[in-house]
1. Taking the stretch 158-188, which residues are touching a residue at least 24 places away in the same chain (Cβ under 8 Å) and in a helix (DSSP H, G or I)?
2. Need a quick list: helices (runs of 4 or more DSSP H) entirely within the stretch 1-87 having at least 3 residues that are touching a helix residue (DSSP H, G or I) at 6+ places or on another chain (Cβ under 7 Å) and over 19 Å from residue 113 (Cβ atoms).
3. Here are some residues: 88, 61, 15. Which one is hydrophobic (A, V, I, L, M, F, W, C) and more than 30 Å from residue 130 (Cα to Cα)?
4. Output the residues belonging to the stretch 35-52 that are more than 24 Å from residue 84 (Cα to Cα) and in contact (Cβ under 8 Å) with a residue 12 or more places away in the chain.
5. If the requirement is being outside the structural domain of residue 153 (by TED's automatic domain parsing) and either among the hydrophobic types (A, V, I, L, M, F, W, C) or surrounded by fewer than 22 Cβ atoms within 10 Å (Cβ to Cβ) (or both), which of these qualifies: 55, 32?
6. So which pairs qualify, if the first residue must be in the stretch 110-130 and assigned by TED's automatic domain parsing to the domain that holds residue 16, the second must be outside any loop (DSSP other than H, G, I, E, B) and among the acidic types (Asp, Glu), the Cβ gap must be under 6 Å, and the two must be at least 6 apart or on different chains?
7. Examine the stretch 178-196 for a residue that is closer than 23 Å to residue 79 by Cβ, among the charged types (D, E, K, R) and crowded, with 17+ Cβ neighbours inside 10 Å, and state whether such a residue exists.
Amino acid sequence: MIVEDHTIVREGLRALLLANPEFEIVAEAGDGRTAVQRAIDTTPELILMDLSMPGMNGIEAIGQIKSRSPRTKFLVLTVHTDEEYIHACIKGGANGYIVKDASHAELMLAIKNVIEGKTHFCSEATQKILSSYLHGAKSAGPVSPWDSLTHRERQILKLIAEGLTNKKTAIFLDISAKTVEKHRANLMEKLNLHSTAGLTTFAMKKGLVEQ
């Protein structure tokens, strides 16, 4: 299954994979929420997962799919090489992590390894993992404003940056508008930001939405 919000990239991946008779594409999705539903319907053996997508991002989608389909394996294919993304994906259940400028050969090798039950992390991801291990866990130092955000606060921050109002965010997350307002206030306090524009800029810097 291919999960990628850019149509031309998704079509390119489909063409690459279908050139190999061993692969069958059982589903595609352009956002996390659709990916969860289609993964439940088709139970793919492997999902190629993008991270930055509208609404529900790839990390959230991995967690939700994994809880419903624990045998499904995940290979993250992304532009992000930040340590926090790599660790979040590993924690969520990803079996591999490669960047989008990887060669065709590396993509095929990564897919092969993950399907066979191995892990595959590109050199950039491996370097970040080793660096984190050698220099001690981030939690040993002061907690950054970003690290202090809860999962729900990060969800709401992403939706704010995508331009959703409190009411639309509440409907999307199936919570009350007052709860959204409370989370928004907490976000501004924790991040020391005082406007929607400030929250949006911060979300862009963290890769929650594309610039």
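The values are calculated or read from the model by the stated rules, or taken from the named source; none is laboratory data. For clarity, every value in this text was computed on a predicted model and none was experimentally measured. For neighbour counting, all protein chains shown are included, and Cβ atoms are generated from backbone atoms with ideal geometry for every residue, glycine included.
1. Answer for the stretch 158-188, where residues must be touching a residue at least 24 places away in the same chain (Cβ under 8 Å) and in a helix (DSSP H, G or I): 158, 159, 160, 161, 172, 180, 183, 184, 186, 187.
2. Values: elements: 7-18, 32-42, 58-68.
Those helices (runs of 4 or more DSSP H) span 32-42, 58-68.
3. Among 88, 61, 15, only 15 is hydrophobic (A, V, I, L, M, F, W, C) and more than 30 Å from residue 130 (Cα to Cα).
4. Just the residues of the stretch 35-52 that are more than 24 Å from residue 84 (Cα to Cα), to begin with: 37-45.
Once the filter is applied, which keeps residues that are more than 24 Å from residue 84 (Cα to Cα) and in contact (Cβ under 8 Å) with a residue 12 or more places away in the chain, the stretch 35-52 yields 38, 39, 40, 41, 42, 43, 44, 45.
5. On the way: 32 fails: either among the hydrophobic types (A, V, I, L, M, F, W, C) or surrounded by fewer than 22 Cβ atoms within 10 Å (Cβ to Cβ) (or both).
Testing whether each residue is outside the structural domain of residue 153 (by TED's automatic domain parsing) and either among the hydrophobic types (A, V, I, L, M, F, W, C) or surrounded by fewer than 22 Cβ atoms within 10 Å (Cβ to Cβ) (or both) leaves just 55.
6. From residues that are assigned by TED's automatic domain parsing to the domain that holds residue 16, the pairs are 128/83.
7. Filtering the stretch 178-196 down to residues closer than 23 Å to residue 79 by Cβ leaves none.
No, because not a single residue in the stretch 178-196 is closer than 23 Å to residue 79 by Cβ, among the charged types (D, E, K, R) and crowded, with 17+ Cβ neighbours inside 10 Å.
Residue by residue, here is whether (1) at pLDDT below 90; (2) closer than 30 Å to residue 4 by Cα holds:
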| position | (1), (2) |
| --- | --- |
| 142 | yes, no |
| 147 | yes, yes |
| 156 | no, yes |
| 161 | no, yes |
| 171 | no, yes |
| 196 | no, yes |
| 200 | no, yes |
| 210 | yes, yes |
